[in-house]
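Read through the structure below, which is laid out as structure tokens, and then see the notes.
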Amino acid sequence: MIEVNVAQQGQVAVITVVGRVDSNTASEFDASLTGVIDKGTTQIVVDLSAVNYMSSAGLRVLVSALQKVQRVSGDVRLVQPTERVQEIIEMSGMDTIFQIFSTQVAATNSYTN
Amino acid sequence: MGDNELRITVAGVLESLPDIKKFVTTAARRAGLDDRGIYHCQLATEEICTNIIEHGYAMQGDNRSIDVICKIADDMFTITITDDSEPFNPLEIENPDPQAPLENRHVGGWGIYFVKNLMDDVQYKYEHDCNHLTMVKYLRTAKMPNAPQQDPASSIVVKTLKGGQIVFVPQAALNEAVSRQLEQLLLKELNAGHKYLIVDMTLVDDLSSTGLKMLVSVWQRARAMKGDIVLARLTPEVRDIIQVVGFDLMFTIYNSVEMAAKKIEP
């Protein structure tokens, strides 16, 4: 089960994910991210603070979104992964390719500073 | 000594994954794994089954099956996943490189890598025209050198907000042990005269009947004192459970801790 909410804050799209990102729900997460990118937004924040489960299907969505927007000088920045999600983020070395912030505000502001 | 074996057979489609997850969770809990260990088993099983469904059965597995057998022994919990697609040993796939820069990064291939890293042992064999993948978690992982010690006191984080409101954040499912701890913590604050308390449920993905009963009894205690215990940030799983038993009409539920804090005066 997953809920994905998208909010536009100026130039930045803030995507808040609640629940599980697994093989069944990753497509919904992917659709939201792709939708935002297709509309031309390249500055993206993904809030993971309420994600209690993420498998490789979720990582795939995040990495492919990052590859897409970095080609046009954009970025995907992450907010506060839970301990469980942090474990696989570190295991896959994603913490070296994503900037991770402790609050949504800090991540959003990082684009203007 | 008394080995205990559980089995489920499901169709080889993605829609079967929630049933497989429930099955493995129940078995792993019965084996006595802690929440982190259970989570690793859920993740590893999902990765293997997804590979079978997407590649082995090429998304055409409606009439094919996947067998999952969980075996509980004294010192280990074993999950064996069996399918009858073409022989394929996932352990032979080359590991992806966690140090690879973004532009050279393969977006896929991480599933098997997680399985190898999250489980204590993984083995493959092809036998009787089937692929068999066996994954092991040793029990009493606290004794393993690289596993963090489980501190029971750390399974609930307690925070005091700027306005003085006290927030309790259980770090995992409200099973019996965690529920009891949470109850003690809540009662301690109520008895100390803090009548308005917030429980942040964002990491709680399962709620046992003990957990439900406990929440209701401390809530009643708070109401009797003209106070309240409110819930914030329910996961979809817990929201379902709470709605089924009708407790959503009893508890005040907020989408964020900030909103909960605004509504209650310490």
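Placing one equal scatterer on every Cα of the protein assembly as shown and applying the Debye formula, the log10 ratio I(q)/I(0) at q = 0.07, 0.13, 0.15 Å⁻¹ is -0.35, -1.15, -1.40. Relative contact order for region B:152-263: 24 percent, from Cα pairs under 8 Å spaced at least 6 residues apart, divided by residue count. Model label sites at B:Arg7 and A:Ala106, defined 7 Å from Cα along the beta-carbon direction, differ in position by 5.2 nm. Taking the chain by itself as reference, region B:197-224 contains these residues with an accessible-area loss of 20 Å² or more in the full protein complex (1.4 Å probe, heavy atoms): B:Thr202, B:Leu203, B:Asp205.
Determine the sum of side-chain charges near B:Val167: Lys and Arg each +1, Asp and Glu each -1, restricted to other residues whose C-beta is under 9 angstrom from that of B:Val167.
Details: positive: B:Lys159; negative: B:Asp200.
Counting the neighbours of B:Val167, the net charge comes to 0.
Per residue, chain B exposes an accessible area of 51 Å² to a 1.4 Å probe, with every protein chain left in place. Our analysis of region B:1-89 gives Rg over Rh at 0.99, with the two radii drawn from alpha carbon positions and Rh computed by the Kirkwood formula. Karplus-derived 3J(HN,Hα) values for region A:63-72, using 6.51 cos²θ - 1.76 cosθ + 1.60 with θ = phi - 60°, are 5, 6, 5, 4, 4, 4, 7, 5, 4, 10 Hz; glycine and proline are entered as x.
Estimated from helical segments only, the mean residue ellipticity of the protein assembly as shown at 222 nm is -11000 deg cm²/dmol, where each DSSP H run of four or more residues counts as -39500 (n - 2.57). Whole-Hz Karplus values for region B:59-75 come out as 6, 10, x, 3, 9, 10, 10, 10, 9, 10, 10, 10, 10, 9, 10, 4, 10 Hz, taken residue by residue from phi with 6.51 cos²θ - 1.76 cosθ + 1.60 and θ = phi - 60°; glycine and proline positions read x. Cα-Cα pairs above 20 Å in region B:152-263: how many percent? Above the 20 Å cut-off, region B:152-263 has 31 percent of its Cα pairs.
Relative to the longest principal axis of the Cα atoms of chain B, the long axis of helix B:35-51 makes an angle of roughly 40 degrees.
Taken as Cα centroids, region B:78-95 and region A:60-113 sit 31 Å apart, rounded to the nearest whole angstrom. Against chain B, whose longest principal axis is taken from its Cα atoms, helix B:17-31 shows a tilt of about 70°.
By the equivalent-ellipsoid construction on the alpha carbon gyration tensor, region A:2-109 comes out with semi-axes of 19, 15, 14 Å, ordered largest to smallest. Pairwise Cα distances in chain B exceed 23 Å in 60 percent of cases. Rounded to the nearest Hz, the phi-derived 3J(HN,Hα) couplings of region B:160-165 under the Karplus curve 6.51 cos²θ - 1.76 cosθ + 1.60 (θ = phi - 60°) are 10, 6, 4, x, x, 5, where x marks glycine and proline.
The values are calculated or read from the model by the stated rules, or taken from the named source; none is laboratory data. The structure displayed is predicted, hence computed values, not measured ones. Positions of Cβ are generated from backbone atoms using ideal geometry, with glycine treated the same way; all protein chains shown enter the neighbour counts. Surface accessibility is based on the protein's heavy atoms, side chains included, excluding ligands, DNA and RNA. Shrake-Rupley method; radii C 1.70, N 1.55, O 1.52, S 1.80 Å.
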